[in-house]
Amino acid sequence: MPRDHRPTKTVRVLLAEDQGMMRGALALLLNLEPDLEVVAQVGTGDTIVDAALTHRPDVALLDIELPGMSGLDAAAELREQVPDCRVLILTTFGRPGYLRRAMEAGAAGFLVKDGPVEELAAAIRRVLTGETVIDPALAAAALSAGPSPLTARECDVLKASADGATVADIAAKLHLSESTVRNYLSSAIGKTGTRNRMEAMREARQQGWL
C-alpha cells in the first residue's frame, strides 16, 4: 500500500499573498480539501508573524515578494517565534538564490505557483510529516548556480542604492563612510560582472541574491 500523507486532523493554514484575487482563489481551492482549512489570510509580510501568533497555523504558505517584509524574512521570524509552524514558500519567481535563502531561513518547502493545487495540498501534508518539499527543476538549478558571491553588507548597500539614492544617502542610511560604500559597490559590481550599481542590483535580484 502506498504511504498516505493525509493527517488525521484538520490542517490549519496561513496564506500570505499580496494579490487579493490570487489569495482569495487559492484559499477557496485549499478549503475544498477535506483536511485543510485556511485560518488566516494576509497581504503584507509584516503581518505574518502576528497572524501566526493569533491563529496558530500548522503550515504557513508565504509568497516572497510582499510589501512590508519579504516572505523569506518572515520565514526566519516564524522559525523563532512560532517554531511549530512549518513554512512553505510559494512564489512566481523560481530563482536559485531564493531557494537557498528560503532553506537558510528554515522553510520546509519551496514551490512555484504554476503547479496544480493538488500538488500544493500534497506538499502541505508532506511537510507536516517532516519532509522537505522542493520543486525538482529549481533544486537542480540551485545546485548548478552555487551560493551567492555577495556578502551581507554588499547586499545591504545594493538594496539601499535603489531609487537613485546617492552614495551620501546610502552612507547615511547604513551608518557607513562614503568611501566604505564605494568599496562595497565596486566589489558588488565586480562580483556580478556588471558595469554599474544599477546593473549590479538588477542582476542580484534576478539571481535571487537580494
All positions within the stretch 1-16 that are modelled with pLDDT of 95 or more and either assigned to a helix (DSSP H, G or I) or of a type outside the set (Val, Ile, Thr) (or both): Arg12, Leu14, Leu15, Ala16
Pairs where the first residue, in the stretch 29-42, is among the charged types (D, E, K, R) and at pLDDT 95 or above and the second is surrounded by fewer than 19 Cβ atoms within 10 Å (Cβ to Cβ) and outside any loop (DSSP other than H, G, I, E, B), C-beta under 8 Å, 6+ apart: Glu37/Arg12; Glu37/Asn31
Evaluation of Arg126 against (1) without any contact (Cβ under 8 Å) to a residue 12 or more places away in the chain; (2) open to solvent by 60 Å² or more (accessible area, probe 1.4 Å); (3) not polar (S, T, N, Q) (one fails), failing number: (1)
Where Glu199 falls short, out of the listed (1) open to solvent by 60 Å² or more (accessible area, probe 1.4 Å); (2) without any contact (Cβ under 8 Å) to a residue 12 or more places away in the chain; (3) part of a helix (DSSP H, G or I): (1)
Residue match in the stretch 134-149 (condition: surrounded by 13 or more Cβ atoms within 10 Å (Cβ to Cβ), closer than 30 Å to Arg12 by Cβ, at pLDDT 85 or above and under 20 Å from the mean Cα position of the chain (by Cα)): yes
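The values are calculated or read from the model by the stated rules, or taken from the named source; none is laboratory data. All of these numbers come straight from a predicted model, not from anything done at the bench. Please note: Cβ atoms are built from the backbone with ideal geometry, for glycine as well, and neighbour counts cover all protein chains shown. For the accessible areas, the whole protein counts, side chains as well, though only heavy atoms, and no ligand, DNA or RNA atoms are used. Shrake-Rupley method; radii C 1.70, N 1.55, O 1.52, S 1.80 Å.
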